[in-house]
Amino acid sequence: MKKINAILSAVCIISTAFASGCTKNETNELTQVRLNEVVHSVFYAPQYVAIENGYFEEEGLSIELSVGQGADKSMTALLSGSADIALLGTEAGIYVYNEGAEDYAKAFAQPYCSYCVKNNHP
């Protein structure tokens, strides 16, 4: 059950990597994905389990994990090309978009609050 939860939670990262053309190459080498998270958080626990247990490697991915220590730093890492994926809230992306940037981050997933789901809050 734990492996299933870790794999399901990591699907967002894996699907993003595949969508960007990252797959196992013909020599069976791992494709490196540079993942920047805004902070270490218990919310990312399934990701840590998947990394530790080699589930990404089983799918042909090598995850290089870094911590931004703030949404502004994680967004900078993403936009500068030092990260392929950044796990952060949507607010930093909205700021970049509103500044008129031609190259801006696109949000594709959002964590949910069980209280909000239960009480029909956005």
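Summary table
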item	result
Packing-based exposure ordering (other Cβ within 10 Å, fewest first) of VAL42, VAL33, VAL67	VAL42, VAL67, VAL33
Using a Förster distance of 41 Å, the FRET efficiency for GLU29-GLU99 (Cβ separation, nearest 0.05)	0.60
Amide H partners (placed H, <5 Å) of LEU87, local residues excluded	ASN36, GLU37, VAL38
Ranked list, fewest to most other Cβ atoms within 10 Å of each Cβ, for GLU91, GLU52, GLU102, GLU59	GLU102, GLU52, GLU91, GLU59
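A short reminder: the numbers here are calculations on the coordinates, not readings from a lab. Here the structure is a predicted model, which is why all the values come from computation and not from measurement. As a convention, Cβ positions derive from the backbone with ideal geometry for all residues, glycine included, and neighbour counts pool all protein chains shown.
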